[in-house]
1. Please report the spacing between the Cα centers of segment 56-90 and segment 150-192 in Å, no decimals.
2. Say R0 is 41 Å: what FRET efficiency, to the nearest 0.05, do Tyr47 and Asn125 get from their beta-carbon distance?
3. Can you tell which of Ile78, Ile11, Ile101 shows the greatest fluctuation in a Gaussian network model of the chain with Cα springs below 10 Å?
4. Quick one: Kirkwood hydrodynamic radius for the chain, alpha-carbon pairs, angstrom, one decimal?
5. When ligands, DNA and RNA are left out and all protein chains stay put, how many square angstrom of accessible area per residue does the chain have with a 1.4 Å probe?
6. GNM on the chain, C-alpha springs below 10 Å: top fluctuator among Ser144, Ser171, Ser62?
7. Which Cα, out of Ala25, Leu65, Thr54, lies furthest along the positive dipole direction of segment 1-85 (beta carbon charges, K/R +1, D/E -1)?
8. Would you compute, from DSSP H runs of 4+ residues alone, the mean residue ellipticity of the chain at 222 nm, taking -39500 (n - 2.57) per run and dividing by the full residue count, rounded to the nearest 500?
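The values are calculated or read from the model by the stated rules, or taken from the named source; none is laboratory data. Bear in mind that the values here come from a model prediction, so they are computed numbers and not experimental data. FYI the Cβ positions are ideal-geometry reconstructions off the backbone, even for glycines, and counts take in every protein chain you see. Keep in mind that these areas ignore ligands, DNA and RNA; they rest on the heavy atoms of the full protein, side chains included. Shrake-Rupley method; radii C 1.70, N 1.55, O 1.52, S 1.80 Å.
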Amino acid sequence: MLRFSRNHPYIVTVYFLAQFFMIIALGMDAQEVVFARKVVGLSESEYGLLISVTGIGYVAGSMVLSRTAQKISVRTMIAVGHLLVAAGYIIYAFSYSFLAISAGFLLLGFFNAFSGTGVLTFFQNHFPQDMMGRISSIYGLFQSLLQILFILLIGFTGDLFPLRSSIVLASFVCLSIGLLLAWMVYHPAKRAFFAEAEARDHSAGATR
């Protein structure tokens, strides 16, 4: 696994950035109840409805993706998916009403389906099949440790600074990672990493 990581730094970097994006997102999600109830001021029923809105967004995104997957490149799924999920978190971070926070959650729920599918497809296309289990397990361990640390960090900063400030900062970190991912996957020199998958998608779409 270490040899693969050293020999394929681009693949590992794209995968790591996507996982780091998810770690930060999960850290914000851990403060979701406190932020929505105490900072934004939602009632218990409004918060329950908010969770339903997020689920509706994800289901809608999955349905759209299932119908258009052969027409959307892996690069687009990764870049646009992460950028718009980050945009959803930014709307969430600056929300002061139920409608505003619902719009953010609907957006991030919808495009989570795209970002997740793009990263999973990238992983399956470039990581050796006989190493997938070991790689995902080892990387998953580091991911879990980082996730715990980040949840503790955002909770700690929430005690020192207003929670909204911590959520705003984290959402802009997500946006920065999304921009970096978009630059990396659309860099002309890296097109070969996606050419085979795009050709296969176009071929599958043509046969339909």
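1. 18 Å
2. Numbers: r = 39 Å, r/R0 = 0.95.
The value I calculate is 0.60.
3. Of Ile78, Ile11, Ile101, the most mobile in the Gaussian network model is Ile11.
4. Values: mean 1/r = 0.0553 Å⁻¹.
Averaging 1/r across every pair of different Cα atoms and inverting gives 18.1 Å.
5. Details: 11020 Å² over 208 residues.
Here the residues of the chain average 53 Å² of exposed surface.
6. Looking only at Ser144, Ser171, Ser62, the biggest GNM fluctuation is shown by Ser144.
7. Leu65
8. Numbers: 8 runs with 171 residues, N = 208.
Using -39500 (n - 2.57) per qualifying helix, the result is -28500 deg cm²/dmol.
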